[in-house]
Amino acid sequence: MQQVFLFLHMLKAQSIQKSYGALQILKGVDLEVSKGEIVTIVGASGAGKSTLLNIIGTLDKPDSGQIFLNDLEVNRLNSKQLSAFRNTNIGFIFQFHHLLAEFNAIENVCIPAFIAGTSKVEAEKRAAHLLNKLGLKERMHHKPNQLSGGEQQRVAVARALINNPALVLADEPSGNLDSANARDLHELFVDLRDEFKQTFIIVTHNEELAGLSDRKVTMKDGLIVQS
Ligand SMILES: Nc1ncnc2c1ncn2[C@@H]1O[C@H](COP(=O)(O)OP(=O)(O)OP(=O)(O)O)[C@@H](O)[C@H]1O
Ligand SMILES: [Mg+2]
């Protein structure tokens, strides 16, 4: 089944360079990821993994080089077009989930859908479906401080998926989970890919997750050394 998607590039990053002051962080990174592929990025602290992920996700701009998402060169979009593009095409899962403390689980999940103009009824229906699938049926009306760490992380996963993004980017998504919750989350990514054909790029220090992925890419000193 996977082979069907092998020649469709979800992401093409070409010669990406990024410096902060005199420090060159990315030194010409090339990365291609196919639709439906789960790619993990590993490498030592400071290698440039989060910097690359933020650039792929259009949260940050490269100094030079191009990012193509589904053949669209995102550097060409203005900031308003970019926000709309990002909200509907890319789901972000951060290590620290950044849930909004004053909103409950289902409200947090609905926010990106509201921003995309989805009706309340439709957004809540989809949010409830995702939370149910993530084992949070009985926790929908809990606020973040009434949820465990693993539950909060799963709410953040549902929020990342609410607009059915083609590309899901995760930066150490299991970094603050215990091993059982981390394993569940990793298996969930594989299930979601199988069900929805979403593409995942996941930065991780977790070898087990890297082992579950289709491809492991290693970064060292601002370059991909093996892919
Ligand atoms: N906004 C910034 N200003 C200056 N330097 C930065 C900035 N963001 C990142 N850096 C530097 O860029 C380098 C790469 O950072 P990055 O966050 O991409 O590393 P990483 O591979 O994700 O590491 P970790 O595994 O610790 O999360 C680091 O040395 C960091 O100090
Ligand atoms: Mg990082």
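Summary table
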{"item": "Members of segment 26-46 found to be open to solvent by 10 Å² or more (accessible area, probe 1.4 Å) and either more than 16 Å from ligand 2 (Cβ to nearest atom) or of a type in the set (Gly, Ala, Ser) (or both), listed by number", "result": "LYS27, GLY28, ASP30, GLU32, SER34, LYS35, GLU37, GLY43, ALA44, SER45, GLY46"}
{"item": "In segment 58-76, the residues that are within 28 Å of CYS110 (Cα to Cα) and either buried (at least 21 other Cβ atoms within 10 Å of the Cβ) or in contact with a helix residue (DSSP H, G or I) (Cβ under 6 Å, 6 or more places away or on another chain) (or both)", "result": "THR58, ASP60, LEU69, VAL74"}
{"item": "Test result for LEU23, open to solvent by less than 10 Å² (accessible area, probe 1.4 Å), within 16 Å of ligand 2 (Cβ to nearest atom) and either of a type in the set (A, V, I, L, M) or under 18 Å from ARG215 (Cα atoms) (or both)", "result": "no"}
{"item": "Among residues of segment 162-175, those that are open to solvent by 20 Å² or more (accessible area, probe 1.4 Å), of a type outside the set (A, V, I, L, M, F, W, C) and either without any contact (Cβ under 8 Å) to a residue 24 or more places away in the chain or touching a helix residue (DSSP H, G or I) at 6+ places or on another chain (Cβ under 6 Å) (or both), counted", "result": "2"}
{"item": "Set ARG159, ARG193: member being closer than 23 Å to GLY57 by Cβ, surrounded by 21 or more Cβ atoms within 10 Å (Cβ to Cβ), away from ligand 1 (no atom under 16 Å from the Cβ) and not β-branched (Val, Ile, Thr)", "result": "ARG159"}
{"item": "Search result, residues across segment 86-119 that are surrounded by 15 or more Cβ atoms within 10 Å (Cβ to Cβ) and either within 16 Å of ligand 2 (Cβ to nearest atom) or among the small types (Gly, Ala, Ser) (or both)", "result": "GLY91, PHE92, ILE93, PHE94, GLN95, HIS97, ALA105, ALA113"}
{"item": "The one condition in (1) surrounded by 14 or more Cβ atoms within 10 Å (Cβ to Cβ); (2) more than 16 Å from ligand 1 (Cβ to nearest atom) that LYS49 fails to fulfil", "result": "(2)"}
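The values are calculated or read from the model by the stated rules, or taken from the named source; none is laboratory data. If you're wondering where the values come from, they're calculated on a predicted model, not measured in any experiment. Backbone-built Cβ (ideal geometry, glycine too); neighbour counts: all protein chains shown. Just so you know, the surface numbers come from the protein's heavy atoms only, side chains and all, with ligands and any DNA or RNA stripped out. Shrake-Rupley method; radii C 1.70, N 1.55, O 1.52, S 1.80 Å.
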